[in-house]
């Protein structure tokens, strides 16, 4: 995890130009009062088991592809696609290609 | 603006494959209890004057480039870059190329 967190007004680069999905490490871009934003590096086959968080989230596939699982089933998220999930909904994911994913999590109750 | 809003668990495509920055219209992807996510279409020269919102926001440049202004100055946001801003900070933007931008706004107090 990176040591530096974004300050308000600061810019982060989400993917290296011409890089591949694994060219950047998993990094917590920032965690503020209301929001936490994390960039996940997910090599092919890497999985996050089912879990849940209280707040609403968005999951954006930046590179590659992942299968995103909820109790309603599995949906494939490709690069350039975004998914919204209400708080408290169990979810897990698995990289079906080398992938990078941007997670945005609402921390406010 | 689109008539359809994302349901929890539903997927949105943020950019057309092989499209340009102007190939998709501005669309409110969803507005839920805690989050509002909007995809903005910003032709070269299009500006949003200084304004502020109570909640924290992230601004992600999907395509093209914008100049993002706060009282601290102007920062250029290129495709693939993301900026975080605390709630209540005045901000405005101007497209310096044909651009598309993903705005994520926390609605919770």
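The values are calculated or read from the model by the stated rules, or taken from the named source; none is laboratory data. Predicted model, so just to flag it, every value in this text is computed and none were measured. Here the Cβ is made from the backbone with ideal geometry for all residues, glycine too, and neighbour counts use every protein chain on show.
Quick check on my filter: what residues within the range B:48-102 are over 12 Å from the mean Cα position of the chain (by Cα) and either away from chain A (no Cβ under 13 Å) or at positive phi (or both)?
Within the range B:48-102, B:49, B:50, B:51, B:64, B:73, B:80, B:88, B:96, B:97, B:98 qualify.
Among the candidates B:68, B:30, which residue alone is in a strand (DSSP E or B), surrounded by 17 or more Cβ atoms within 10 Å (Cβ to Cβ) and modelled with pLDDT under 95?
Answer to the check: B:30.
Going residue by residue through the range B:84-91, is there one that turns out to be closer than 28 Å to residue B:16 by Cβ, surrounded by 22 or more Cβ atoms within 10 Å (Cβ to Cβ) and free of Cβ contacts under 8 Å to residues at least 40 places away in the same chain?
Yes.
Return yes when residue B:6 is touching a strand residue (DSSP E or B) at 6+ places or on another chain (Cβ under 7 Å) and outside any strand (DSSP E or B) and no when it is not.
Yes; evaluated as a whole, the condition is true for this residue.
In the range A:71-86, what count of residues is obtained for those that are in contact with a strand residue (DSSP E or B) (Cβ under 7 Å, 6 or more places away or on another chain) and either closer than 23 Å to residue B:28 by Cβ or not in a strand (DSSP E or B) (or both)?
Adding up the residues that qualify gives 10.
Being surrounded by fewer than 20 Cβ atoms within 10 Å (Cβ to Cβ) and in contact (Cβ under 8 Å) with a residue 40 or more places away in the chain is the filter here; which residues of the range A:42-61 pass it?
If the condition is that a residue be surrounded by fewer than 20 Cβ atoms within 10 Å (Cβ to Cβ) and in contact (Cβ under 8 Å) with a residue 40 or more places away in the chain, then A:43, A:44, A:45, A:46, A:47, A:48, A:49, A:50, A:51, A:53, A:54 are the ones that fit.
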